[in-house]
Amino acid sequence: MFQHIAILYCALLILSCAGQAPPGGGPIDAIPPTIIKTVPDTNAVRVKDNSIELEFSEYVDRRTVEESIFISPYVGTLEFDWGTTNVKVSFSQPLKLHTTYVVNIGTDVVDLRARNRMAAGYTLAFSTGDSIDQGLISGRIFDEKPEGVMIFAYALANYNPDTLDPAKAKPDYIMQTGKNGLFALSHIAFGRYRIIAVRDEYRNLLYDKQVDQFGVTVGDMVVTHEQSKVSDLWFRLSQEDTTKPFLTSVLPLTARHIQVRFSEAIDSLSFERASFSVVDTLKLKPLGIVLANRSRGTPSVVDMVLETTLDSGLAYRVSARGIFDRSGNPLDTVNASQVFLGVATPDTVKAHPMVKSITDSVKGIPLEQVFDIEFAKPVLHSPLVAAISLRDSAKVTVPSALRWLSASDAQLVPAVPLRSKEWYQIQVTMDSVQDYAGNRWKDSTLRLRFQSLDLRTTGTVEGVVLDNEKGGHGPIYVTAMNVGANQMYEKAIRLPLPGSFTLEQLPEGKYTFKGFRDADSSGSYSFGRPFPFVPSERFTVVSDTIKVRARWGVEGVVLKFR
């Protein structure tokens, strides 16, 4: 009998110790965990213990806690001794004299019951000396997923700013953003800092190129006794591409048409200067190339039309030179050519046009719309000059220009804005659509109807762009983007200098507003680089959404560069 009781007692003991689990039952838990007590208290001085203690408001996932504790300066490896909702964290290295230590608990900590994340990071500061450092750098990450991004701060007194590489050097101070992307690096020593935002995928406190997203700001930050707080440090995230593009495949579609595919999108400017060759590998005789075309729709693919036909079964080599990807990486010369077998298949497929982003009978097309037309393959341009037209509801031709962007992509640009709430028609005379093999359509016409935007359903937003920085330069781009709508709508304007702006003909709805100062005059926002360090361009956002009502004007929108 005693033996049975002993076995039962051991079984119960094993079950009770088998895993970490919260009490069951009760209502749905939507409350995030918080830290309710620490030892030492925050801002404590003359601390001597080589450990800290944390108590949470509920049962938490221990692994997420252990992976979310960051202590600056470095204290060695951490040892965790768990209770129920509390943990003692011991350091392998002794604390330094007269030093402020900052313990940051990141937002990856979750509770056990419902996996709720901590709503904001927690900071515990204490000192082994008589005072606490009072420096503060705070800001925000602007991204679709701003939560959980690591903020790395490097004290430049410890580094050469020109050689500081976040891929090799771990930060002096660390913080993690909360749900809204906010962060605060508090209790840091006075000095100059380089701040880098990193979505640290490997959790190694290093920046891993092509793996981690990064964000840099407009320059290094300084906190002093006179100016101990730096606020509104804003970041936008991007990802570096350091991989060279390479030629992945060659597909002979017909006897005179081959398709060359690269590993990623090819930069359009470099493509204009690129060169290609096709060589018969048996006789080493080059084949003439009528054209090489990079489609805007598939920028990683190049279509080539040859002067002469391929021989079926004969091997040919395609080579490319002067290719760059959109990040400026040059073509991998080791993988810049490939051999393929020729085919004798005649080209009988006609080139069909498609007006992009518009379907037949669609309504609400902006009055200043430019129409993108894409052909399924390269076509002869001259026959299409008069074959593509825009007509109003009275079948009167609207003056327009046909602008070619490649051998297969064109834009139809009306010379005047469309009239409000009127039906229009894009017309393509199909027997003028001819490819380089002579294929053409017989008597037929492609027609696409659409209705322009009704101005009575639109509103206007007026505002001002402010920039008090004396050294600010470059044009300013202001963009309005609707939110919560079934169809995305975006409108941008360019301002040469700070000042007033007006955005007209905005369809009714809610909008976000943002802007950036184009210091390098590239026409797009430049994110900068962590190493070698290149600052980002300055940007600004309106924190609240703006509601645009039909036939109403909204005034007083302010975009301020900080």
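Summed over the range 188-206, residues that are touching a Pro at 6+ places or on another chain (Cβ under 9 Å) and farther than 15 Å from F531 by Cβ total 2.
Can you find, within the range 109-135, the residue that is farthest from L97 (Cα to Cα) among those that are assigned to a strand (DSSP E or B) and open to solvent by 50 Å² or more (accessible area, probe 1.4 Å)?
The residue in question is R117.
Taking into account only those residues within the range 172-183 that are open to solvent by 30 Å² or more (accessible area, probe 1.4 Å) and either free of Cβ contacts under 8 Å to residues at least 24 places away in the same chain or not basic (K, R) (or both), which is farthest from D220 (Cα to Cα)? Among those residues, the one meeting the criterion is N180.
Those strands (runs of 3 or more DSSP E) of the range 394-458 that lie entirely within it include none in which at least 2 residues are at pLDDT below 95, under 27 Å from E504 (Cα atoms) and open to solvent by 70 Å² or more (accessible area, probe 1.4 Å).
Suppose we keep only residues that are over 20 Å from the mean Cα position of the chain (by Cα) and not hydrophobic (A, V, I, L, M, F, W, C) within the range 522-546. Which one would you say is nearest to D162 (Cα to Cα)? Residue satisfying both the conditions and the ranking: P532.
Yes/no matrix, rows are residues, columns are (1) open to solvent by 60 Å² or more (accessible area, probe 1.4 Å); (2) assigned to a strand (DSSP E or B); (3) in contact (Cβ under 8 Å) with a residue 40 or more places away in the chain:
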residue: K170; (1), (2), (3): yes, no, yes
residue: R192; (1), (2), (3): yes, yes, no
residue: E201; (1), (2), (3): yes, no, no
residue: D232; (1), (2), (3): yes, yes, yes
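Among the residues of the range 207-219, those identified as part of a loop (DSSP other than H, G, I, E, B) and either hydroxyl-bearing (S, T, Y) or touching a Pro at 6+ places or on another chain (Cβ under 7 Å) (or both) are Y207, T217, V218, G219. When L185 is tested against (1) more than 18 Å from V102 (Cβ to Cβ); (2) modelled with pLDDT under 95, exactly one condition is not met: (1). Quick check: is even one residue across the range 223-242 at pLDDT 95 or above, over 30 Å from V302 (Cα atoms), within 20 Å of the chain's Cα centre (by Cα) and among the small types (G, A, S)? Scanning the range 223-242, I find no residue that is at pLDDT 95 or above, over 30 Å from V302 (Cα atoms), within 20 Å of the chain's Cα centre (by Cα) and among the small types (G, A, S), so the answer is no. Regarding the range 539-549, can at least one residue be identified that is within 24 Å of D220 (Cα to Cα) and open to solvent by 60 Å² or more (accessible area, probe 1.4 Å)? So far as the range 539-549 goes, no, none of its residues is within 24 Å of D220 (Cα to Cα) and open to solvent by 60 Å² or more (accessible area, probe 1.4 Å). Taking (1) modelled with pLDDT of 95 or more; (2) within 18 Å of I71 (Cα to Cα) in turn, F214 satisfies each apart from (2). Checking the condition in contact with an Asp or Glu (Cβ under 8 Å, 6 or more places away or on another chain), under 30 Å from P33 (Cα atoms) and surrounded by 14 or more Cβ atoms within 10 Å (Cβ to Cβ), which residue from S186, S138 passes? So the residue among S186, S138 that is in contact with an Asp or Glu (Cβ under 8 Å, 6 or more places away or on another chain), under 30 Å from P33 (Cα atoms) and surrounded by 14 or more Cβ atoms within 10 Å (Cβ to Cβ) is S138.
Taken together, the residues in the range 26-40 that are part of a strand (DSSP E or B), in contact (Cβ under 8 Å) with a residue 60 or more places away in the chain and more than 15 Å from D61 (Cβ to Cβ) amount to 1.
This table checks each residue for (1) touching an Asp or Glu at 6+ places or on another chain (Cβ under 6 Å); (2) surrounded by 15 or more Cβ atoms within 10 Å (Cβ to Cβ); (3) under 26 Å from M150 (Cβ atoms); (4) at pLDDT 60 or above.
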| position | (1), (2), (3), (4) |
| --- | --- |
| F2 | no, no, no, no |
| A6 | no, no, no, no |
| Y9 | no, no, no, no |
| I14 | no, no, no, no |
| D29 | no, yes, no, yes |
| P40 | no, yes, yes, yes |
| N43 | no, no, yes, yes |
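Test of understanding: among S263, S228, S186, which residue is in contact with a strand residue (DSSP E or B) (Cβ under 8 Å, 6 or more places away or on another chain), touching a residue at least 24 places away in the same chain (Cβ under 8 Å) and closer than 30 Å to V349 by Cα? Of the residues listed, the single one that is in contact with a strand residue (DSSP E or B) (Cβ under 8 Å, 6 or more places away or on another chain), touching a residue at least 24 places away in the same chain (Cβ under 8 Å) and closer than 30 Å to V349 by Cα is S263.
Is at least one residue of the range 281-292 open to solvent by less than 20 Å² (accessible area, probe 1.4 Å), in contact with an Asp or Glu (Cβ under 9 Å, 6 or more places away or on another chain) and of a type outside the set (K, R)?
no
The sole residue among S500, S526, S521 that is out of contact with any Lys or Arg (no Cβ under 8 Å at 6 or more places or on another chain), without any contact (Cβ under 8 Å) to a residue 60 or more places away in the chain, of a type outside the set (V, I, T) and at positive phi is S521.
Please count how many residues of the range 313-336 are β-branched (V, I, T), out of contact with any helix residue (DSSP H, G or I) (no Cβ under 8 Å at 6 or more places or on another chain) and either closer than 16 Å to S277 by Cβ or surrounded by 15 or more Cβ atoms within 10 Å (Cβ to Cβ) (or both).
Result for the range 313-336: 2.
Considering S300, S319, S295, the condition of being closer than 18 Å to S263 by Cβ, modelled with pLDDT under 95 and not acidic (D, E) is satisfied by S295 alone.
If the condition is being open to solvent by less than 80 Å² (accessible area, probe 1.4 Å) and in contact (Cβ under 8 Å) with a residue 60 or more places away in the chain, then the range 55-81 contributes E67, S68, F70, S72, P73. Filter the range 141-164 down to the residues that are farther than 13 Å from A120 by Cα, open to solvent by 20 Å² or more (accessible area, probe 1.4 Å) and not hydrophobic (A, V, I, L, M, F, W, C) and list them by number. D143, E144, K145, N158, Y159, N160, P161, D162, T163 - these are the residues of the range 141-164 that are farther than 13 Å from A120 by Cα, open to solvent by 20 Å² or more (accessible area, probe 1.4 Å) and not hydrophobic (A, V, I, L, M, F, W, C).
The values are calculated or read from the model by the stated rules, or taken from the named source; none is laboratory data. Treat the numbers as computed from the prediction; the structure is a model and nothing was measured. Heads up, the Cβs are rebuilt from the backbone with ideal geometry, glycines too, and the neighbour counts pull from every protein chain shown. Remember, those area values only see protein heavy atoms, side chains included, never the ligands or the DNA or RNA. Shrake-Rupley method; radii C 1.70, N 1.55, O 1.52, S 1.80 Å.
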